[in-house]
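Peer 1: Sharing a structure here in structure tokens format.
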Amino acid sequence: MNITPSRLKSGISHLLAVLIVAVTYFTCLKGIEHQGHFDEGSYLGSTRHMLQTGIFLPGWYGYPSLIFYLSLLPLVEEALDYIEDERPIENLYDFLTYMVAEGDYITQLRHISMPWAALASLWLYIFVLRWRQNHFEALVAAALLGFSWEIAYHSRWFSPDPLMLGFTTLTLMGIGIAHRSARPKFWLQAAAVAAGFATGSKYTGGVLLMPLFSAAWFHLKFGELKNYFSFYTYRKININSQWKPGSIATNGKTLLVEKVQEVLWLYFQLLFWFSLAYLITTPATILQPGTFFEALLSQRGVYSSPGANPYSVFTTGEHLQKMLTYFSSVVFSHYSPIALFFFGMMLIGLYALKQDKWLAGVLLPIVIFYVWYFSTYRLMIIRNLLILVPFFAVIAAVGCGYVQRKIVQLCQTRTTLPFGVSCSILPALLLILTGFNVGWLWHSGDTIDRQRNNPHFAELQARELVDYMKAHPDQHFVLSHQVQTLLETHVGDLPPNIGEGSHAETYGVFNSLEVVAAHPFVLLSNRHRFFQMLPSGPYDINMDYYSTWVGPNRMLIAPMPMVLQEVGAVFSSDWHLDAQSLKQMDKERLPTPIIVALKVLQNRKFPNREAFTKAVYAEIGEKHPDFYYEVIWRSVVFTLKSQTS
């Protein structure tokens with residue numbers, strides 16, 4: 001069999017793409033039995049609701065319903081076994097409801113969503129390969145998406161986000177195949193179905209209509225209509241016909257009408273398939289419209305007016321700044337220099353897209369619109385931004401391809417190095433950088449498994465903390481109540497830099513679940529490189545962006561001034577109110593009589609929460625709504641008591 005060099009190159013490229021998917025899958029498989037995600041329990045609540053009522057509508061529509069229907073899949077085998085055993089059919093739903101409550105059920109569901117997310121790299125590879133006809137760029141795009149830690153740990157959740165990621169890249173794959181297919185309309189309609197399922201995973205998937213319509217516009221070549229109004233073109237097309245005054249305008253208008261009809265008909269078809277796929281996943285849109293739109297408006301209200309929320313952003317400018325930091329320094333790698341390198345390639349890719357205006361038309365409008373749209377909200381939760389990562393990966397890959405072509409051109413004329421060596425510089429660098437990303441994916445998954453299987457994890461962290469403090473003698477560390485007790489129990493010789501330093505950097509050290517127990521005191525989120533974690537992690541999530549994570553307990557190290565004011569209750573501290581505290585209460589709309597009554601506590605110090613709470617109750621009583629007391633507690637100012645080793 002004669003294998004041409006081009007076929008060999010394609011075969012190797014395809015094998016590497018499959019390898020990327022395999023590595024993505026197996027690194028995500030490590031740690032898949034993590035402790036849990038915020039919303040997984042609520043998904044199962046809707047699953048039990050459907051089983052208990054016998055009506056297969058979830059009843060809650062803050063998310064579309066695909067996630068809830070997928071949560072039923074593991075029950076199919078259980079139901080078949082139940083029926084095969086000839087057990088009482090009237091008890092089937094009760095039996096299935098019991099199975100949902102089993103401890104490993106959520107892990108079974110993660111084994112559905114995680115492989116689907118892992119396949120996203122393959123769909124993106126096909127999109128770039130078909131559109132750009134460039135194996136190098138296709139592999140870079142697939143590796144950037146598959147080896148992103150942000151994508152990896154989100155993929156371990158059974159949640160709408162990994163589902164939408166897979167359908168987003170599947171939509172792009174359909175668009176890419178349509179670009180060079182003899183049946184572009186068929187593939188565009190297939191892409192519309194994928195976009196419908198993406199929207200059935202999460203409502204924000206509806207923005208995928210933008211690249212879909214852009215691709216349809218391209219394939220209909222609507223922009224060529226201007227040629228029909230050119231006299232020269234008309235004479236070329238109708239070289240043997242006799243021109244008559246007005247015939248150009250008449251013919252041009254006819255062609256214009258026909259082309260507009262063709263555009264509208266194709267757009268109608270795409271909307272039809274998109275809507276059909278979405279309604280299959282979320283039939284309550286038309287079956288329970290009142291409940292559906294009420295939930296939709298409720299979600300909008302949460303994002304528009306979140307109140308005192310650790311994920312709040314107060315202005316559009318702040319939101320844009322935090323998104324830019326996340327996109328540039330976090331998305332492409334756990335290591336900021338690597339992430340910044342690929343973000344730089346993305347900027348080069350934006351420049352290079354001027355040579356491929358139709359691809360720019362597919363990629364850029366959705367990115368610009370989505371970033372602007374979410375910046376108008378006052379809540380930033382990064383999982384809502386994952387839909388953009390495939391688009392960023394493609395643009396960065398285009399940038400890498402552009403740089404590689406420039407290097408090749410330079411090698412042909414000016415370099416003294418062998419041609420093959422010079423042309424391998426960028427691919428070798430990319431291989432090294434992605435190798436670091438893969439290494440981190442494996443390590444982070446390993447820390448999850450090690451924490452879960454190590455009964456002495458707390459002692460391990462105590463010893464790692466002491467090593468960390470000894471390695472940073474120029475810094476001082478203030479220990480929380482739990483951490484202080486832990487070190488006294490497991491470590492005998494404590495370093496001298498424990499306690500607040502007058503001229504040195506001071507950091508607070510505390511346990512993550514210690515903060516949860518200190519409600520309503522919460523750490524703010526969306527602060528890049530704010531927390532330091534010990535080598536043992538566990539790195540099941542990016543704590544900088546999910547500071548309220550309630551997974552396994554782990555030690556966190558963070559700058560003391562900010563941590564003290566946010567969660568000072570976990571440290572040995574005095575409590576008091578000052579003038580700024582009273583202004584904060586007024587800002588959070590606490591009734592004026594209560595604020596006035598609390599003025600007598602201003603600048604009085606209390607040694608702990610119990611003493612402060614007792615004084616508050618003495619002034620305003622104990623029968624007000626819980627919200628009032630939470631506002632008061634959040635307004636407390638903390639000052640450290642002395643702490644030495």
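Peer 1: Going through region 414-459 one residue at a time, which ones are assigned to a helix (DSSP H, G or I), open to solvent by 90 Å² or more (accessible area, probe 1.4 Å) and of a type in the set (S, T, N, Q)?
Peer 2: Residue satisfying the conditions is N453 alone.
The rows are residues; the columns are (1) β-branched (V, I, T); (2) open to solvent by less than 40 Å² (accessible area, probe 1.4 Å); (3) within 30 Å of E588 (Cα to Cα).
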residue	(1), (2), (3)
F369	no, no, no
S375	no, yes, yes
R378	no, no, yes
N384	no, yes, yes
F392	no, yes, no
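Peer 1: Another question about this same structure. Could you tell me which numbered condition T97 fails, if it satisfies all but one of (1) open to solvent by 30 Å² or more (accessible area, probe 1.4 Å); (2) in a helix (DSSP H, G or I); (3) touching a residue at least 24 places away in the same chain (Cβ under 8 Å)?
Peer 2: T97 satisfies every listed condition except (1).
Peer 1: Here's something else I'd like to know. Specify the residue that is nearest to P561 (Cα to Cα); the eligible residues are those in region 610-622 that are open to solvent by 60 Å² or more (accessible area, probe 1.4 Å) and not in a loop (DSSP other than H, G, I, E, B).
Peer 2: E610
Peer 1: Among what's in region 175-207 and is of a type in the set (K, R) and either modelled with pLDDT under 95 or within 21 Å of W131 (Cα to Cα) (or both), pick the residue that is least open to solvent (accessible area, probe 1.4 Å).
Peer 2: Per the criteria, the residue is K185.
Peer 1: Further question on the same structure: Open to solvent by 10 Å² or more (accessible area, probe 1.4 Å), modelled with pLDDT under 90 and not in a helix (DSSP H, G or I): which single residue out of H576, H503, H528 fits that description?
Peer 2: H503
Peer 1: With the condition kept exactly as written, say whether any residue in region 623-642 is open to solvent by 60 Å² or more (accessible area, probe 1.4 Å), touching a residue at least 40 places away in the same chain (Cβ under 8 Å) and of a type in the set (S, T, Y).
Peer 2: yes
Peer 1: Can you confirm whether S312 is among the small types (G, A, S) and under 20 Å from the mean Cα position of the chain (by Cα)?
Peer 2: Criteria met by S312.
Peer 1: Could I ask something else about it? Condition test on F521, is it crowded, with 19+ Cβ neighbours inside 10 Å and touching a Phe, Trp or Tyr at 6+ places or on another chain (Cβ under 6 Å)?
Peer 2: Here the answer is no, as F521 does not meet what is asked.
Peer 1: Here are some residues: Q321, Q299. Which one is in contact with a Gly (Cβ under 7 Å, 6 or more places away or on another chain) and not aliphatic (A, V, I, L, M)?
Peer 2: One residue alone meets the criteria, Q299.
Peer 1: Just checking, how many residues over region 545-573 are among the β-branched types (V, I, T) and in a strand (DSSP E or B)?
Peer 2: Residues in region 545-573 being among the β-branched types (V, I, T) and in a strand (DSSP E or B): 1 in total.
Peer 1: Restricting the first residue to region 463-477 and requiring it to be under 20 Å from P561 (Cα atoms), which pairs with a second residue that is of a type in the set (D, E, K, R) and part of a loop (DSSP other than H, G, I, E, B) meet a Cβ separation below 7 Å and a spacing of at least six or different chains?
Peer 2: Pairs that qualify, where the first residue is under 20 Å from P561 (Cα atoms) and the partner is of a type in the set (D, E, K, R) and part of a loop (DSSP other than H, G, I, E, B), are H476/E500.
Peer 1: Of the conditions (1) in contact with a His (Cβ under 9 Å, 6 or more places away or on another chain); (2) open to solvent by 40 Å² or more (accessible area, probe 1.4 Å); (3) in a loop (DSSP other than H, G, I, E, B), P473 clears all except one; give me its number.
Peer 2: Going through the list (1) in contact with a His (Cβ under 9 Å, 6 or more places away or on another chain); (2) open to solvent by 40 Å² or more (accessible area, probe 1.4 Å); (3) in a loop (DSSP other than H, G, I, E, B), P473 breaks only (1).
Peer 1: Can T644 be described as of a type outside the set (K, R), at pLDDT below 90 and not in a helix (DSSP H, G or I)?
Peer 2: For T644, the condition - of a type outside the set (K, R), at pLDDT below 90 and not in a helix (DSSP H, G or I) - is met.
Peer 1: I've got another one for you. Any chance you could count how many residues in region 83-94 are surrounded by fewer than 11 Cβ atoms within 10 Å (Cβ to Cβ), acidic (D, E) and either assigned to a helix (DSSP H, G or I) or at pLDDT 85 or above (or both)?
Peer 2: 2
Peer 1: If you check F136 against the conditions, is it at pLDDT 95 or above, open to solvent by 50 Å² or more (accessible area, probe 1.4 Å), in a helix (DSSP H, G or I) and more than 29 Å from G62 (Cβ to Cβ)?
Peer 2: Taking the combined requirement at face value, the residue satisfies it.
Peer 1: Next question. In the list F26, F38, which residue meets the criterion of being under 19 Å from L119 (Cα atoms), open to solvent by 20 Å² or more (accessible area, probe 1.4 Å) and either among the hydrophobic types (A, V, I, L, M, F, W, C) or at pLDDT 90 or above (or both)?
Peer 2: Going through F26, F38 in turn, the sole match is F26.
Peer 1: Among the residues of region 591-608 satisfying the criterion of being in a helix (DSSP H, G or I) and open to solvent by 60 Å² or more (accessible area, probe 1.4 Å), which is farthest from Q580 (Cα to Cα)?
Peer 2: P593
Peer 1: Is region 100-111 home to any residue that is part of a helix (DSSP H, G or I), modelled with pLDDT of 90 or more and open to solvent by 50 Å² or more (accessible area, probe 1.4 Å)?
Peer 2: For region 100-111, residues part of a helix (DSSP H, G or I), modelled with pLDDT of 90 or more and open to solvent by 50 Å² or more (accessible area, probe 1.4 Å): present.
Peer 1: May I ask you to list the residues in region 336-375 that are modelled with pLDDT under 95 and either within 21 Å of H154 (Cβ to Cβ) or not in a helix (DSSP H, G or I) (or both)?
Peer 2: Matches in region 336-375: D356 only.
Peer 1: Kindly provide the set of residues from region 354-375 that are over 20 Å from D161 (Cα atoms) and touching a Ser or Thr at 6+ places or on another chain (Cβ under 6 Å), ordered by number.
Peer 2: If the condition is that a residue be over 20 Å from D161 (Cα atoms) and touching a Ser or Thr at 6+ places or on another chain (Cβ under 6 Å), then G361, V362 are the ones that fit.
Peer 1: Now for a different question. Determine, yes or no, whether V18 is among the aliphatic types (A, V, I, L, M), closer than 23 Å to L165 by Cβ and out of contact with any helix residue (DSSP H, G or I) (no Cβ under 6 Å at 6 or more places or on another chain).
Peer 2: yes
Peer 1: Give all pairs with beta carbons closer than 9 Å in which a residue from region 341-357 that is closer than 24 Å to N437 by Cα meets a residue that is hydroxyl-bearing (S, T, Y) and outside any loop (DSSP other than H, G, I, E, B); count only pairs at least 6 apart in sequence or on separate chains.
Peer 2: F343/S328; F343/S329; G344/S328; M345/Y402; M346/S328; I348/Y402; G349/Y402
Peer 1: On to the next question. Go over the candidates L276, L266, L271, L287 one by one and state the one that is open to solvent by less than 40 Å² (accessible area, probe 1.4 Å) and at pLDDT 70 or above.
Peer 2: From the options L276, L266, L271, L287, the qualifying one is L266.
The values are calculated or read from the model by the stated rules, or taken from the named source; none is laboratory data. Here the structure is a predicted model, which means the values were calculated and not measured. Neighbour counts run over all protein chains shown; Cβ positions are idealised from the backbone, glycine included. All accessible areas refer to the heavy atoms of the entire protein, side chains included, with ligands and DNA or RNA removed. Shrake-Rupley method; radii C 1.70, N 1.55, O 1.52, S 1.80 Å.
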